[in-house]
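Participant: Quick one: the structure is below, questions incoming.
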Amino acid sequence: MSLSVALLFVFAGLTQAEYLNLLPTADASVVYFQMNASPGSTAWYSIRWTDAGFVTEPVVGHLADISDSGDVAGYTTLLNRYCGTGGSTCFLQPVCRASWKIQGLGIDVMNDWWRTFLRLDRAGQLAWMEQDAPCYSSLFGVGQPPALNGIFETTTMRQVASAQGVRLASRRYARRLITDTGRALVLSGLQLLWLDRTGTTRIRHVNRAWEAVTDARGENIVYTEEEVGELHWVADGGDFRLGLVGTAPALTADGLKLFYLDGEGALVRYDAETHSATRVGAEYYRTFALSADFVFAITRAGHIVRIDPANGETAMLQEAMPEMIAFDHQFAPFFIYCPLYCFSETMERAIWLEDGKRVRVYGQNLNQAGWRINAELYDVPLEPSSEEEAWFDVPAVITRAPREFVLYHPERAVRFRMPVTRRR
């Protein structure tokens, strides 16, 4: 690999089209997944079971959570302002654009202006809201809604309990932190608390808590001391060190089983009745989520799978995306892509494209057949050279400069968009 190509790997992570998070329904009939849709945006898709097999479809909006049945869904968006050119034209724009909504049978509530963290209870009747920063300055903020922080009824958005400066005990997707009795498991610094309509109640635990989860009734709590740290089980007033190290804990609704990832990414199930820990699945995983009977996971190799923990059987739900990490064409200066100001989740990057030039792509999972590059006026194959390298040719004559190209497969729903700028 040439030095110029090697230097492009400084931008690794900006462009790869990887799968990020999972949200399954309790009956495992649908699982939603989030993926990088461009260098600066994400998108959600659903995988549904039909008589014809698995069907993948795009989802309108950015999911924050769903109820167990999937009938109630919460959405949040946050687009940050980026200035291509400094000056009042950009600086007078709001620092971001944000919105949230909760929709379901008899539920249709929404608002904007605040950066929002939102999670639902199992029934979709209660929502946890954290709104910590406005998108407007004092110049734009007159008459805008107050921040929502705490537990709220989803039908009316009546506040059940004020957050009082605490935060939900896990930030991960597919972790239930509001119990069936309406209490939320929260953290104040490194101290675990219950929060409900009567206020907060301290939970006795021996070590500091980095992250914690609970079961449906709040009778069992598992916490980690660090992001990857010692696992503790809290029940009946006792704090029990499990002698296990892991991250991303998740408890089943009945509180009888704990799932977590060990330090290497193996999925482990701990049985509270037998006090035994068993590896589930043969691969290593980036993240996972529980339904009532299955575990959904994203493998290190980038596949989405469904695992039956009873027998370890694994079904492939979504093949890995070709993950484009770098190109042998340079990134364009940001002011070329965004002359004044732009709004996106993270800063978008665009690459220079030249008529008649071959573009080499570097990354992983690139040795897949059938993927194509569409750029408005042309549609060409992405030709694999190896698992880590592929290429496509830009036509010699283009009558109009494309603003982006889209990586797609004719037989798959997922898409990845790469902003481009034409260089003559």
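The values are calculated or read from the model by the stated rules, or taken from the named source; none is laboratory data. Keep in mind that this is a model prediction, so the values were computed, not measured. Cβ: placed from backbone, ideal geometry, glycine included. Neighbour counts: every protein chain shown. For the accessible areas, the whole protein counts, side chains as well, though only heavy atoms, and no ligand, DNA or RNA atoms are used. Shrake-Rupley method; radii C 1.70, N 1.55, O 1.52, S 1.80 Å.
Participant: If you roll a 1.4 Å probe over the heavy atoms of the protein chains, what accessible area per residue do you get for the chain, in Å²?
Facilitator: Working: 18930 Å² over 424 residues.
Per-residue value: 45 Å².
Participant: Rounded if a/c is under 1.5, else prolate if a/b is larger than b/c, else oblate: which is segment 41-118, with a ≥ b ≥ c the root eigenvalues of its Cα gyration tensor?
Facilitator: On the way: a/c = 4.44, a/b = 1.92, b/c = 2.32.
It comes out oblate by the Cα gyration axes.
Participant: What net charge is computed for the residues neighbouring ALA315, neighbours being all others with C-beta under 9 Å from the C-beta of ALA315, Lys and Arg scored +1, Asp and Glu -1?
Facilitator: -1
Participant: Roughly what % antiparallel, to the nearest 5, for the DSSP beta bridges in the chain? The partial results should precede the final answer.
Facilitator: Details: 130 of 134 bridges.
Counting DSSP beta bridges with both partners in the chain, the antiparallel share is about 95 percent.
Participant: Return the calculated 222 nm mean residue ellipticity for the chain, to the nearest 500 deg cm²/dmol, obtained by summing -39500 (n - 2.57) across DSSP H runs with n ≥ 4 and dividing by the residue count.
Facilitator: Helix contribution divided over all residues of the chain: -500 deg cm²/dmol.
Participant: For segment 144-228, which trypsin sites (Lys or Arg not before Pro) pass both filters: DSSP loop (anything but H, G, I, E, B) and at most 16 other C-beta atoms within 10 Å?
Facilitator: Here the trypsin sites (Lys or Arg not before Pro) that fit, given the DSSP loop and packing criteria, are ARG158, ARG171, ARG197, ARG204, ARG208, ARG217.
Participant: About the Cα centre of the chain, how large is the charge dipole given +1 on each Lys and Arg Cβ and -1 on each Asp and Glu Cβ? Please answer in debye to the nearest 20.
Facilitator: Its charge dipole is roughly 1340 debye.
Participant: Now a separate question. Dimensions of the chain along principal axes (Cα, Å, largest first)?
Facilitator: Rounded to whole Å, the extents work out to 72, 57, 44 Å.
Participant: Protein chains only, probe 1.4 Å: how do CYS90, CYS342 rank by accessible area, largest first?
Facilitator: CYS342, CYS90
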